[in-house]
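Taken together, the values in this text are just the output of simple stated rules run on the coordinates, not laboratory data. Please read these numbers as outputs of a predicted model, since none were measured by experiment. Glycine gets a Cβ as well: all are built from the backbone with ideal geometry, and neighbour counts include every protein chain shown.
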């Protein structure tokens, strides 16, 4: 049976380190500040925002929340971002996605100052990531990399297969693995013979958003599996993108869902906000 890579435990350890660093900054009169902007009433977004608020409070980061109505115009949102860019109390800005359809998401992400882009989505930060000189790294892929490191996985020379090519997870995590000297194959919905691609991987990173799409039988014996997917099946059950039981029988190590990558995302957001405050 595979070793479980416990995201909750790794996140708790890093949050302890962040709490200590925040306390140290406080002695110099600096409190890291994160502004979280939520437009509309998306239920999942509301849950995420309240989790982010609580996490900030737990580590001593100042959190400022802006809840705007669903009919907010693009211009109003851009004005708020401009104000937050200039606010010296704020070191990180996060606009919760998705945004209502009258607002151009790209325009909004580009309006955030790259120095306060705690989510790592600004084109400037994406470009820096690609050339291997990151300022802010996107939180979920960053969390994945920290988990691999904590699990003692050295990526140099390994075959890494990433399933999913989103701008939020798939593409950035592929670049991060390249920087660790892995050989990376990036798969997606048009990939032919996905099973064969997955079967050659020493490390599988699944971020496709389809419940249990990656079958346990595809996993090479002794591979490491990082499952980024969180899919609700039925009323209560949460499953990942990988068939967990069958994959566990073959893998050397695997992340559970829930309790795997999830807790790391918010932790890396706190980490990015802290780094921004230290730079300032």
Counting DSSP beta bridges in the chain, what percent are antiparallel, to the nearest 5?
-> 10
Nearest-ten-degree value, helix 139-150 long axis tilted from longest Cα axis of the chain = 50
Ranked list, fewest to most other Cβ atoms within 10 Å of each Cβ, for 117, 42 | 42, 117
Using only Cα atoms, locate the centre of segment 39-60 and the centre of segment 234-280, then give the distance between them in Å, rounded to an integer.
-> 17
Taking 0.36 nm per residue of separation between residue 3 and residue 237 and subtracting their Cα-Cα distance, the length gained on full extension comes to 82.0 nm
Kirkwood Rh, Cα Rg: Rg to Rh for segment 178-280?
-> 1.04
Go ahead and run the numbers for FRET between residue 279 and residue 246, Cβ-Cβ distance against an R0 of 45 Å, rounding to 0.05.
-> 0.50
Going by how many other beta carbons lie within 10 Å of each one, how would you line up 204, 160, 153, fewest first?
-> 153, 160, 204
Can you give the convex hull volume per residue for the Cα atoms of segment 29-113, as a whole number of Å³?
-> 77
Can you put 159, 245 in order, fewest other beta carbons within 10 Å first?
-> 245, 159
Determine the calculated [θ] at 222 nm for the chain from helices alone, applying -39500 (n - 2.57) to every DSSP H run no shorter than 4 residues and normalising by the residue count; nearest 500 deg cm²/dmol.
-> -12500 deg cm²/dmol
What number, in percent, do you get for the relative contact order of segment 29-113 if the mean sequence gap of Cα pairs under 8 Å and at least 6 apart is divided by its residue count?
-> 43
Added length on full extension, which subtracts the Cα-Cα distance from 0.36 nm per residue, residue 167 to residue 13 = 52.7 nm
Quote the relative contact order of the chain in percent (integer), defining contacts as alpha-carbon pairs under 8 Å separated by 6+ residues.
-> 22
Here the FRET efficiency for residue 31 versus residue 106, based on Cβ atoms and R0 = 25 Å and rounded to 0.05, is 0.20
